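Asker: Below are the C-alpha cells for one structure; questions will follow.
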Amino acid sequence: MRVSIITPSYNQASFIEQTMRSVLEQDYPSLEYFVMDGGSTDSSLEMIKKYASRLTGWVSENDRGQADAINKGFRQAGGEIVAWLNSDDYYLPGAIQRAAAVFEKDPQIGLVYGNVLSVDADGNSFNLQTFQQFNLLDLMSFHIISQPAVFIRRSVLEKAGLLDTNYHCLLDHHLWLRMARLAPVVYISETLAAARYHAQAKNLARTADFGREAFRLVDWMSSSPEFSPAFEQNRAKILAGAERFDAFYLLDGGNYAAALRAYWRAFRLDAPVVLKEWHRVIYAVLALLGLGKLRGIYMRLRRWRKNK
C-alpha cells in the first residue's frame, strides 16, 4: 500500500529540515513525498534543494495559501493513503507504518488519527494531545482532532472532494466532516506526530479566526442537505460546541472577557460541554481580574486534564 505525504511550506526555514527528515526517515517501504513551497523568501528553498534527490517532487511557486498548496500535492500523489504534514510539524518514528497497518486491516476505513505531542519552537515537548474515538456528531460538535496525526484513504478523499481554499484555520476539520459522512473514522491510541507551537503559528497568531471559521462551518452544516437533518436534531449541542471552541482560542489569545462570554453562551446551550473545561473558565476569570500570573497553575491543570 503506497503512502503519499505532502508538505505545504512558506518561509519555515527554521523548521522544515526536521519536517522533511521525519518523513524521509520513516521505516515504510512504499512512500512518496512532495514538498509544495509557496515561493518562500527565506532560506527554505536551499533546504528543500538539499533533499531534492530524495523527494518524489517539489515546487516553489506562488499559490493561494495552504489549502491550495496541499491540493496541488494531492493531485500529484499516487498513494492509496495520503496525508499532509505542515513544515513546522514532524512525524515520530514508525508513524506511517502504524497508520498504514490500520488501513490494511479494514478497507472500509476512510480516516485514521492518533495522538500528538505539543512542542515549542525549540522542540521541547510541553503537552500530549490525547483523543478518543469520535463519530460524525462529535466532529459536528467541534471535537477537534490534531491534523499532523491524520492519514486518509485517497478513494474517500476523492469522493469527499479536496480542501476548500476558502478556509484557512479549519480547512482540515471541514474535510474531516465530509469524509466522516462517507466512511468510518478510526482513532488509534498511539502518538504519531508532533505539532509545533511558535509565535508565527496560526494557532497562536490567529486565535480569533478559529472561532469565526467555526461559525462559518455551523452555517454550512445547517444549510447543507447532507448535514442539515443531523444539525437540526442536535442544534444545541453543535452550537454549544462552536461557542466552546471559540472560547478556547479566545482564551489562548488573551481575550478573556470575550472567552467568558462565549463560555456562558455554550453553558446556556449545553452545560456539560463547559463543565468539562472548568479549569479554563476559572483561569479566564482570574486573568480578567488581573491575576494573570496564575497562568503557570492553569498550564499545569491543562496538562493534567489532557493526560487523564
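Asker: Filter region 43-98 for residues that are of a type in the set (S, T, N, Q) and touching a Leu at 6+ places or on another chain (Cβ under 6 Å); which is surrounded by the most Cβ atoms within 10 Å (Cβ to Cβ)?
Answerer: Within region 43-98, the match that is surrounded by the most Cβ atoms within 10 Å (Cβ to Cβ) is N71.
Asker: A further question on this structure: Mind checking whether some residue in region 132-147 is surrounded by fewer than 16 Cβ atoms within 10 Å (Cβ to Cβ), within 30 Å of P29 (Cα to Cα) and out of contact with any Lys or Arg (no Cβ under 9 Å at 6 or more places or on another chain)?
Answerer: Checked against the condition, which is being surrounded by fewer than 16 Cβ atoms within 10 Å (Cβ to Cβ), within 30 Å of P29 (Cα to Cα) and out of contact with any Lys or Arg (no Cβ under 9 Å at 6 or more places or on another chain), region 132-147 yields at least one hit.
Asker: Scan S141, S125, S155 and give me the residue that is under 29 Å from A266 (Cα atoms) and hydroxyl-bearing (S, T, Y).
Answerer: Just one listed residue meets the conditions, S141.
Asker: If I ask for residues that are out of contact with any Lys or Arg (no Cβ under 7 Å at 6 or more places or on another chain) and under 27 Å from H198 (Cα atoms), which ones from region 232-247 would you list?
Answerer: G241, A242, R244, F245, D246, A247
Asker: How do the helices (runs of 4 or more DSSP H) wholly within region 47-146 filter down when requiring 2 or more residues that are in contact (Cβ under 8 Å) with a residue 12 or more places away in the chain and under 30 Å from S223 (Cα atoms): which remain?
Answerer: Fully inside region 47-146 and qualifying: 66-76, 136-140.
Asker: Another question about this same structure. Might you let me know whether region 186-194 holds any residue that is within 24 Å of D252 (Cβ to Cβ), surrounded by fewer than 16 Cβ atoms within 10 Å (Cβ to Cβ), in contact (Cβ under 8 Å) with a residue 24 or more places away in the chain and not assigned by TED's automatic domain parsing to the domain that holds A262?
Answerer: No.
Asker: If you check every pair at least six apart or on different chains, which have Cβ atoms under 7 Å apart with a residue in region 228-243 that is part of a helix (DSSP H, G or I) first and a residue that is modelled with pLDDT under 95 second?
Answerer: Taking only residues 6 or more apart or on different chains, the pairs are A240/V273; G241/V273.
Asker: Residues in region 229-238: is at least one farther than 22 Å from C169 by Cα, among the basic types (K, R) and at pLDDT below 95?
Answerer: Within region 229-238 (the criterion being farther than 22 Å from C169 by Cα, among the basic types (K, R) and at pLDDT below 95), the answer is no, since none of the residues qualifies.
Asker: Given (1) in a helix (DSSP H, G or I); (2) buried (at least 21 other Cβ atoms within 10 Å of the Cβ), identify the lone condition not met by D209.
Answerer: Here D209 meets the rest and fails (2).
A quick yes/no check of all residues on (1) in contact (Cβ under 8 Å) with a residue 12 or more places away in the chain; (2) touching a Ser or Thr at 6+ places or on another chain (Cβ under 9 Å); (3) over 21 Å from D122 (Cβ atoms):
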residue	(1), (2), (3)
N11	yes, yes, no
M20	yes, yes, no
E25	yes, no, no
L31	yes, yes, yes
M36	yes, yes, yes
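Asker: From the list L269, L275, L251, which residue is more than 16 Å from the chain's Cα centre (by Cα), surrounded by fewer than 16 Cβ atoms within 10 Å (Cβ to Cβ) and not polar (S, T, N, Q)?
Answerer: Going through L269, L275, L251 in turn, just one is more than 16 Å from the chain's Cα centre (by Cα), surrounded by fewer than 16 Cβ atoms within 10 Å (Cβ to Cβ) and not polar (S, T, N, Q): L275.
Asker: Exposed (fewer than 15 other Cβ atoms within 10 Å of the Cβ), modelled with pLDDT of 95 or more and not assigned by TED's automatic domain parsing to the domain that holds K72, is that true of S222?
Answerer: Yes, satisfied.
Asker: I would also like to ask the following. Sort out which residues of region 5-32 are surrounded by fewer than 23 Cβ atoms within 10 Å (Cβ to Cβ) and either not assigned by TED's automatic domain parsing to the domain that holds S53 or not in a loop (DSSP other than H, G, I, E, B) (or both), and write them in order of number.
Answerer: Matches in region 5-32: E17, Q18, R21, S22, L24, L31, E32.
Asker: Test each condition in (1) touching a Gly at 6+ places or on another chain (Cβ under 7 Å); (2) at pLDDT 95 or above; (3) among the aromatic types (F, W, Y) for Y249 and report the one that comes out false.
Answerer: (2)
Asker: Does A201 meet the test of being modelled with pLDDT under 95, farther than 24 Å from E104 by Cβ and among the small types (G, A, S)?
Answerer: yes
Asker: Restricting attention to region 263-272, does a residue exist that is of a type outside the set (S, T, N, Q) and closer than 22 Å to G290 by Cβ?
Answerer: Here is the first cut: in region 263-272, the ones of a type outside the set (S, T, N, Q) are 263-272.
Now narrow it down to the ones that are closer than 22 Å to G290 by Cβ: 263-264.
Checked against the condition, which is being of a type outside the set (S, T, N, Q) and closer than 22 Å to G290 by Cβ, region 263-272 yields at least one hit.
Asker: Follow-up. State yes or no: is A214 part of a helix (DSSP H, G or I) and among the aliphatic types (A, V, I, L, M)?
Answerer: For A214, the condition - part of a helix (DSSP H, G or I) and among the aliphatic types (A, V, I, L, M) - is met.
The values are calculated or read from the model by the stated rules, or taken from the named source; none is laboratory data. Treat the numbers as computed from the prediction; the structure is a model and nothing was measured. All Cβ positions, even for glycine, are placed from backbone atoms using ideal geometry, and neighbour counts span all protein chains on display.
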